[in-house]
Amino acid sequence: MSGYVDYEVKLDTISSGFDGITCWVQARAGAVPGGGNSAMPAVVMTMQKLLLSGSDVFYALNEMRTDDMGATWSGPVEHCSLGRRQEPGGIEVVINDATPQWHAATGKLLLTGHCARYIGAALMPDPRPREVTYAVYDAEERSWSSWDALELPEEDRFFSAGSGSGQRVDLPEGDILLPVYHHERTEDSWTTCYRATVLRCGFDGEKLSYLEQGNELTVPEPRGLCEPSLTHFQGRYYMTLRNDVRGYVAVSDDGLNYEPPRAWAFDDGEELGNYNTQQHWVTHSDGLFLVYTRRGLNNDHVMRHRAPLLMAQVDAEKLCVMRETERIIVPERGARLGNFGATNVTAEESWVIAAEWMQPAGCEKYGSNNSVFAARILWGEPNPYAVS
C-alpha cells in the first residue's frame, strides 16, 4: 500500500475476569515521559466499575500503572479522591468518562472528563446538571488530586456540559484546547440536541481555567453532536464527533472555529457505518488515523455494533477514511468496545486501550470476560508526535 504509513499491532491483555455483577469500563491511559524504569515512560490507566443492573451507574475511578512498557502492571488501585461525593437531597456525584493525558508545559498528567449524578442506584432524573471535571496526577507519589469542576460562564447553555471520552490538544505555550458538548436545562436529555465546541483553557499544573470558546457545531439528527475528540495534524485541527445516526468530522485552521461537520465516509463514497459511538484519533507525523466501530462486520449481535475496534488511515484533505487501510486492532467477542482511548506512548508506539463492556446480559457467550486490552501500534518509522 504505497504512500500509507506502515505499522504492526501487538495485542496485550492487561486484566480479565467477570463477576456477573459489575464490570470495568472507560479504560483509558496516558504516558508520563521518563516516569518508568530505565527512563521509560510510565503508562497510567484509569478505569471504573459499572453496575450491570443499571444504566451508566459508575463508581470511583481506579488506577493501573506500568513502568516497563506493559510487561507488568500494578493495580487496580481505587483512589478516594476520584470517588463519589454526597450532595444535598440524597444525590451522589462522581467523575466519569475520563481521559488522562500528559501536559508537557507543566509536566503533569491531567485527567479530564465530566460527572454523573445518582439517586440510589439510578441516574438522577432530568433536569440533571453536569460539569466538565478534572484531576491531576502526582507521578512520584502515585496519587490523584481531588477531582474538581471547571468554572464556566453562568449561562443556561452550559447547564449540562462535559468533556467525557474526549481527546484534547495542548498548545506549545501550555494553553489547552478542550472539546466539550453541552445543552441547556431540559426535562428530557434524551431528546435534546447537544452542541459541540472547543474551549481554550489555561492550566497552571493545579487549576484548569476557562479562557474562551470557539463556535458551536450541531446537526438536527437525534441528540446532535456528542463526545468530540480533537487532534492537530500538519497544521490543521481535526475533530471527530458522535451522533446517534452517523459519525461526523470537522476541520479548523485555528483550533477554535470549525467548518460545518460532514458525515464520515470511506474514500469510495460509502458511509462509514459508525453510529451512536465515539471515535478517536491516533496521530503520527506522517499520517492521521481514526479508530472506530461500524456495521457490516458480521457483528449484528454486538450492541450498536461496538466491536471490533478498527483503525484506518484518513485522507486529511478529503476528510474520508481510506478503506484499503482498515484493520481490526481489537477483536470482537460479543461485548462492546466503543468506550476506549488512544494515546502516543513513545516515538515507536501508540496504544489503544479498550475494556469489554459486559452489557447486555449474555454477551459473554461469545467469549468476552471483561478483558482490558492494550492494542500497541508499533510504528515502522519513529513518530515525533510522541509525548516529551
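The values are calculated or read from the model by the stated rules, or taken from the named source; none is laboratory data. All of these numbers come straight from a predicted model, not from anything done at the bench. Because the Cβ atoms are built from the backbone with ideal geometry, glycine has one as well, and the counts that use them run over all protein chains shown.
Worth pointing out:
- Meets criteria (assigned to a loop (DSSP other than H, G, I, E, B), surrounded by 17 or more Cβ atoms within 10 Å (Cβ to Cβ) and at negative phi) for Gly35: yes
- Spans of strands (runs of 3 or more DSSP E) in the range 61-147 with at least 2 residues surrounded by fewer than 22 Cβ atoms within 10 Å (Cβ to Cβ): 74-78, 85-87, 91-103, 108-119
- Single match in Glu212, Glu221, Glu173 (criterion: modelled with pLDDT of 95 or more, in a loop (DSSP other than H, G, I, E, B) and among the charged types (D, E, K, R)): Glu173
- When Met311 is tested against the conditions (1) closer than 16 Å to Glu227 by Cβ; (2) part of a strand (DSSP E or B), the lone failure is (1).
- Lone unmet requirement of (1) over 15 Å from Thr218 (Cα atoms); (2) not in a loop (DSSP other than H, G, I, E, B) for Thr197: (1)
- Only residues that are polar (S, T, N, Q), surrounded by fewer than 19 Cβ atoms within 10 Å (Cβ to Cβ) and either more than 21 Å from the chain's Cα centre (by Cα) or part of a strand (DSSP E or B) (or both) were counted in the range 14-32, giving 2.
- Any hit, the range 250-264, residues being in contact (Cβ under 8 Å) with a residue 60 or more places away in the chain and either farther than 22 Å from Pro228 by Cβ or hydrophobic (A, V, I, L, M, F, W, C) (or both): yes
- Residue match in the range 48-55 (condition: surrounded by fewer than 17 Cβ atoms within 10 Å (Cβ to Cβ), outside any loop (DSSP other than H, G, I, E, B) and not hydrophobic (A, V, I, L, M, F, W, C)): no
- Scanning the range 255-305 for residues that are at positive phi and in a loop (DSSP other than H, G, I, E, B) yields Gly255, Gly269, Gly273, Asn276, Gly296, Asn298.
- The lone exception for Ala335 - which of (1) surrounded by 22 or more Cβ atoms within 10 Å (Cβ to Cβ); (2) under 15 Å from the mean Cα position of the chain (by Cα) it fails: (2)
- Out of Gly334, Gly341, sole residue that is out of contact with any strand residue (DSSP E or B) (no Cβ under 8 Å at 6 or more places or on another chain), touching a residue at least 24 places away in the same chain (Cβ under 8 Å) and not in a helix (DSSP H, G or I): Gly334
- Residue within the range 359-370 that is over 30 Å from Asn243 (Cβ atoms) and hydrophobic (A, V, I, L, M, F, W, C) present: no
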